[in-house]
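Worksheet: one structure, shown below.
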Amino acid sequence: MSTLWVDGREIELDQEGFLIDLGDWSDAVAIALAEHEGLSLTDAHFEVIHALRQFHAQYQLSPAMRPLVKYIGQQLGKDKGSSLYLLSLFPGSPAKLASKLAGLPKPDNCL
C-alpha cells in the first residue's frame, strides 16, 4: 500500500496504484495518478476517463478491453472506439490504466 498527496489530502493506493477508496477520486487525483505513470493528461484522456466513470456508475464494474472499446465508440464516436486510439492514450493495457486513472477498480481480467 502507498499514498499519494493531492491538494493537501492523503490518498491511499493499493499495491498496484489503484485507489483504496473510490470516493477519493477527482480530476486532480487523476492528474497525480497519471504523473506517477509518466503521463500528462489531455482533454482526450479526460473524455475517456469520464466516459469510463459513467460506465462504472451504470454497470458497477470496470470494463475489460472489448467492452471498453465498444462503450467508447458508442459514447464518443466510432473514430475513438478503437483499440489503437485507446492504446495511443493509455499505453500498455488501456483498460487497466484508464480504470486506474479514473479511480476505478482494476478490471477483472487484467493482469
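Taking only Cα atoms, what is the 0 to 90° angle, nearest 10, from helix 43-59's long axis to the longest principal axis of the chain?
Computed tilt is about 90 degrees.
How large is ³J(HN,Hα), in whole Hz, for each residue of segment 68-73 in order, when computed from phi with the Karplus curve 6.51 cos²θ - 1.76 cosθ + 1.60 and θ = phi - 60°, using x for Gly and Pro?
Couplings: 5, 4, 4, 5, 4, x Hz.
Pick the calculated Rg and Dmax of the Cα atoms in Å for this structure from (1) 13.0, 40; (2) 17.4, 54; (3) 20.6, 57?
(1)
What percentage of the solvent-accessible surface of the chain, computed with a 1.4 Å probe over protein heavy atoms, is contributed by carbon and sulfur atoms?
52 percent
Compute the FRET efficiency between GLN75 and ASP108 as 1/(1 + (r/R0)^6), taking r as their Cβ-Cβ distance and R0 = 25 Å, and round to the nearest 0.05.
With R0 = 25 Å, the Cβ-Cβ based efficiency is 0.75.
Hey, can you find the accessible area per residue of the chain for me, probe 1.4 Å, expressed in square angstrom?
That works out to 55 Å² per residue.
The values are calculated or read from the model by the stated rules, or taken from the named source; none is laboratory data. Owing to the predicted nature of the structure, the values given are computational and were not obtained by experimental measurement. With ideal geometry, Cβ positions are generated from the backbone for all residues, glycine too; neighbour counts draw on all protein chains shown. Calculation scope for accessible area: heavy atoms of the full protein, side chains included, ligands and nucleic acids excluded. Shrake-Rupley method; radii C 1.70, N 1.55, O 1.52, S 1.80 Å.
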